[in-house]
Amino acid sequence: MKTSWRTASLVATAASVLALTTACGQDNAAAPASAAQNVGATAPAGDYGNPGTGTATGAANGYGADGSQSSSSPAAAVPAGKLTVQPNPDLGSVLTDGSGLTLYRFDKDTANPPKSNCAGDCATTWPPVPADDASAGTGIDKARLGEVTRADGSKQLTIGGWPAYRYAKDVNAGDVNGQGVGGKWFALAPDGKKAALSSMPGLSVRKDPKLGDIVIDKRGMTVYRFMKDQAWPKSVSNCVGACLEKWPAVGLVKAADTEGVQKKGLMGFTRPDGVKQMTVNCWPIYTFSGDKAPGDTNGQGVGGTWYAVSPDGKPVGAPGK
């Protein structure tokens, strides 16, 4: 029987998949296809985020409402509380209010001098964050917090001079549905700039003053190892369920997108739950939910089982290691 070109193609594909099997019995790491997606930019072209209908209104001004700058006041402002920095896999460090809601900036505003150009219906869709009780949490320079007087006389919080807003379509802590809406609204970074991943490699090495050389991810967050995991003869993670919520698995990173990390044993594997996780020297790696800003090492030594990772995959500071 003749082998059709389709059959031959399938055989070749299967052979190439087998060729990717590595020494640790895992999959070669590859960046997930979703990595390039613009998180939160869910509004279709021309839709600037009107929470009432989701239709393409206000396309001319990008305010996110119907284009009119009415004099009506938005609903009672919700206090900002203690601001925090939250890591986001696609945006890096994102500024949030005391309830964990993402804060945004508007390209039509100005920072020097601070001025808000979002009022009326715009301010209903993008409620201004009041400055009254705002305070700086860990990882935030309180000197960057300021205020601007709006046209209605209220005081709006500014970050690095930029007026801060919430988005009406964000209902849960960590939502970033306002990111990129209308090409004019962007999540705030702690310094007032637009939140965005830095040009750092997917994995690199930072010299910590107490721990020495440790591995960090693209956001600058410390990477950890779990002493109950296994590396040989294959990578096995014993952090599941609630553990994985507290210690998120580091996703796949291409070897070419690393700097200073040992290449041997640098690969990914598929967990029983289907999640793709990265390894260093075949050891599964994680970040810690208790680390709120780049440079934090709050996970070091937790429970006597969690330790920062050295460039060769060893647990930094672990007893007997």
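Read-outs: derived from the displayed coordinates by stated rules, not from any lab. Computed from a predicted model, the values in this text were never measured in an experiment. Here the Cβ is made from the backbone with ideal geometry for all residues, glycine too, and neighbour counts use every protein chain on show.
Cross-link check: pairs Lys228/Lys263; Lys142/Lys207; Lys207/Lys246; Lys207/Lys321; Lys142/Lys194; Lys142/Lys276 evaluated at a Cα-Cα cut-off of 29 Å; pairs beyond the cut-off: Lys142/Lys276. Each of Val261, Thr305, Ser235 was placed along the dipole of region 197-319 (beta-carbon charges, centred on the mean Cα), and the one lying farthest toward the positive end is Ser235. Computed from phi, the 3J(HN,Hα) profile of region 157-168 under the Karplus parametrisation 6.51, -1.76, 1.60 (θ = phi - 60°) reads 5, 10, 10, x, x, 8, x, 9, 9, 9, 10, 4 Hz, with x in place of Gly and Pro.
Need one word for region 98-178: rounded, prolate or oblate. Basis is the Cα gyration tensor (sqrt eigenvalues a ≥ b ≥ c); a/c below 1.5 gives rounded, then a/b vs b/c decides.
Details: a/c = 1.64, a/b = 1.04, b/c = 1.58.
It is oblate, given that a/c is not under 1.5 and a/b is not larger than b/c.
Note down the net charge around Gly100, summing +1 for each Lys or Arg and -1 for each Asp or Glu among other residues with Cβ under 13 Å from its Cβ. Intermediate results must be reported in sequence, preceding the final value.
Details: positive: Lys82, Arg166, Lys292; negative: Asp97, Asp170, Asp175.
My count for the surroundings of Gly100 gives 0.
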